[in-house]
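Read the figures in this text as sums done on the coordinates, not as results from a lab. Note that the structure is a prediction, hence the values are computed from the model and not measured. Note that we place each Cβ from the backbone using ideal geometry, even for glycine, and neighbour counts take in every protein chain shown.
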Amino acid sequence: GWCQMLMRDPIEATRLFTIGMERTGLSPHQRERNFECLALTELLAGDLSRAKALAAEHRVIPTFRSSIAFREGNWEAAIEMHLAVLAWARKTGHRWDEANTLSILFENVFVTGDLARATEILRQALHAYEPSDLLYEIRNRPEAALLAIAAGRTEEAIEHLEVCRAIIAQGEDWLGRAGLVARAEGVVAAAQRRDFETH
């Protein structure tokens, strides 16, 4: 379920977490973890009210709570929560949490339209993991391409897409993440056509 969730396949992730909770002998801790992840998968599937209900009934980590706040339109509160998680991750040396938080923070700040701040956070995000970590590459590069287009840097956008293309060409099924790459491909193609027509 966790893997499907990270790969942006919330329907299958929800199914797996639900099956897990139906098994006998599940510890209270694991049951709470399943409910916690269900809150995020419901959010990813577009059911904000269900995600909020699960978050109200169960312990949900700040990263998931901030995602709910962001989806509600409380962007600044969500960003502040992510900044707090980032400070904690850096203080305690949790590299995965640092990379994860930077990726989400970049996406959130980009949506607010602050391109300069988003560019700086992206720079940090791309340095928070090894380039061999394909999950983070396929996670960050499509959004990085969109940021580059928004900032008028078409060539940079193409460079980000080349990384994605190389990963996709290896033949693995990236599920919902492949859709984000396809969206970035479309945006970059439209920008290239616009650039061509104006010259």
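Per DSSP H run of at least 4 residues, take -39500 (n - 2.57); add these up for the chain, divide by its residues and hand me the 222 nm value, nearest 500 deg cm²/dmol. Working shown, then result.
Details: 11 runs with 158 residues, N = 199.
One gets -26000 deg cm²/dmol as the mean residue ellipticity at 222 nm.
Quick check: pseudo-label points 7 Å beyond the Cα along Cα→Cβ at D114 and R95, how many nm apart are they?
Placing both labels 7 Å along Cα→Cβ, they lie 2.8 nm apart.
Report the label-to-label distance for A182 and A56 in nanometres (one decimal), using points 7 Å from each Cα along the Cα→Cβ vector.
3.6 nm
Let me know the charge dipole size of the range 82-199 about its Cα centre in debye, to the nearest 20, where only the beta-carbon of Lys, Arg (+1) and Asp, Glu (-1) is charged.
Dipole of the range 82-199, to the nearest 20 debye: 280 debye.
By the gyration tensor of its Cα atoms, with a ≥ b ≥ c the square roots of the eigenvalues, what is the shape of the range 1-72: rounded for a/c under 1.5, prolate for a/b over b/c, or oblate?
oblate
Sort the following peptides by mean Cβ neighbour count (other Cβ atoms within 10 Å, averaged over residues), highest first: 36-49, 146-159, 168-181.
In descending order of packing, they fall as 36-49, 146-159, 168-181.
If you take the alpha carbon radius of gyration of the chain and divide it by 2.2 N^0.38 Å, what ratio comes out, to two decimals?
Working: Rg = 17.9 Å, N = 199, 2.2 N^0.38 = 16.4 Å.
In units of the globular-protein estimate, the chain measures up at 1.09.
Net charge around A150, counting only other residues with Cβ within less than 12 Å of its Cβ (Lys, Arg = +1; Asp, Glu = -1)?
Taking every Cβ under 12 Å from that of A150, the sum is -2.
What shape does the range 95-172 have by the C-alpha gyration tensor, where a ≥ b ≥ c are the square roots of the eigenvalues, rounded means a/c under 1.5, and otherwise prolate means a/b greater than b/c and oblate the rest?
Cα axes put the range 95-172 in the oblate bin.
How high is the FRET efficiency from N74 to R165, r the C-beta distance, R0 30 Å, rounded to 0.05? Don't jump to the answer; show the numbers that get you there.
Working: r = 36 Å, r/R0 = 1.19.
The pair N74/R165 has a calculated efficiency of 0.25.
As I understand it, the value is the acute angle between the Cα axis of helix 10-22 and the longest principal axis of the Cα atoms of the chain; what does it come to in degrees, rounded to 10?
It is inclined by approximately 20 degrees.
For the chain, what does the relative contact order come out to in percent, with C-alpha contacts under 8 Å and a separation of six or more?
Worked out over the chain, it gives 14 percent.
How much FRET efficiency would the formula 1/(1 + (r/R0)^6) give for C3 and S49, where r is the Cβ-Cβ distance and R0 is 30 Å, rounded to 0.05? Kindly include the intermediate steps, with their values, before the conclusion.
Details: r = 26 Å, r/R0 = 0.87.
That pair, C3 with S49, gives E of 0.70.
Quick check: Cα centre of the range 150-199 to Cα centre of the range 1-71, how many Å?
If you average the Cα positions of each part, the centres end up 30 Å apart.
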